[in-house]
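J.: Take a look at this one; I'll ask things after.
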Amino acid sequence: MVRTAERGITLVEATIVVTVAAILSAAAAPIASRTLDRARLARAFDDSKAIKTAIGNLLLEFTTFSPFTTTGLAGGATVQMLVSDGDTPRTLGAGGSALWDDPVDPAAAQPVDFLERHLVTNTPGGAGAYTTAGGAPWRGAYISAPLDPDPWGNRYAVNVLHLRTSTTNDVFVMSAGPDEEIDTAFTVDGATPGDDDIIAVVRRDLGRTVP
């Protein structure tokens, strides 16, 4: 019996296959990129809302302690800003925007501290503690740990200073967004996100303060 010789793939055929695969890959890349971008934005919105909710829940229980101080006591230094882990994004604009890039330093005149210390571990300032006794104590954790950076590797930040001052400034959770630049003022009444910043408003401040 005569057998027909098996024919391999020619160079032309191989070239066509590779070319078609490259075209399909190039067409799919923008779709994949947009899907990833949407996923990152969705996560940033969800994270911001979760932090907002955790802060709100803590504030419901502040009767027997002083929230957002470095010691948890009335005599503690008022915390300017709480942040998650992550890089410090660039800041643009006026109206106090530069305050967003202050480093974590519980010993500063206006301290910056980690969100996790106030919402999870009960170690404000790294060493203090909110009371866990009495009728309305600290009942955390208020959010799951760790508090990760935003999807672009930068820290979330909350200008909690304005919860403890009589100025009419909003309190909100901030992510610098995809361009990694903060364009929203730290001190503002009627906050709206600048450029592609992402915010979740904790409270539209009407001059009210917490203890």
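Values in this text are rule-based calculations from the coordinates and carry no lab data. Values in this document were obtained by computation on a predicted structure and should not be read as measured data. Cβ atoms come from the backbone with ideal geometry, glycine included; neighbour counts cover every protein chain shown.
J.: Skipping prolines and chain starts, which residues have an amide H placed within reach, meaning under 5 Å, of the one on Arg90, given they are 5 or more residues away or on another chain?
T.: Ile182
J.: Further question on the same structure: Can you list the residues, at least 5 places off or on another chain, whose amide H is less than 5 Å from the amide H of Arg203, using H built in the peptide plane?
T.: Long-range HN contacts for Arg203: Val171.
J.: Counting other C-beta atoms within 10 Å, which of His118, His162 has the fewest, and how do the rest follow?
T.: In order of increasing Cβ crowding within 10 Å: His162, His118.
J.: OK, next. Using only Cα atoms, tell me the angle between helix 11-59 and the longest principal axis of the chain; keep it within 0 to 90° and round to the nearest 10.
T.: Between helix and principal axis, roughly 10 degrees.
J.: Going by amide H atoms built from the backbone, whose H comes under 5 Å of the H on Gly177, apart from near neighbours?
T.: Ile198
J.: Here is a further query. For Asp148, what charge total do you get from the other residues with a beta carbon under 9 Å from its beta carbon, if Lys and Arg give +1 and Asp and Glu give -1?
T.: -3
J.: Now, a different point. Helix-only mean residue ellipticity at 222 nm, the chain, DSSP H runs n ≥ 4 weighted -39,500 (n - 2.57), per residue, nearest 500. What is it?
T.: About -9000 deg cm²/dmol.
J.: Further question: Please give the length that would be gained between Arg204 and Ala107 if that part of the chain were fully extended, namely 0.36 nm times their separation in residues minus their C-alpha to C-alpha distance (nm, one decimal).
T.: 32.1 nm
J.: How much FRET efficiency would the formula 1/(1 + (r/R0)^6) give for Val17 and Arg40, where r is the Cβ-Cβ distance and R0 is 35 Å, rounded to 0.05?
T.: 0.55
J.: I'd like the Karplus ³J(HN,Hα) series for the range 122-138: coefficients 6.51, -1.76, 1.60, θ = phi - 60°, whole numbers in Hz, and an x wherever there's a Gly or Pro.
T.: 6, 10, x, x, x, 9, x, 7, 6, 5, 10, 10, x, x, 9, x, 5
J.: On full extension of the chain, what length is gained from Asp195 through Thr10, given 0.36 nm per residue of separation minus the C-alpha to C-alpha distance?
T.: 61.2 nm
J.: Let me ask something additional. Based on the alpha-carbon set only, what is the convex hull volume of the chain divided per residue, in Å³?
T.: Convex hull volume per residue, Cα atoms: 182 Å³.
J.: Further, regarding this structure: Compute the signed sum of charges (Lys and Arg +1, Asp and Glu -1) over the other residues within less than 14 Å, Cβ to Cβ, of Gly72.
T.: +1
J.: Still on this structure: Can you put Ile23, Ile199 in order of Cβ neighbours within 10 angstrom, beginning with the fewest?
T.: Starting with the residue having the fewest Cβ neighbours, the order is Ile23, Ile199.
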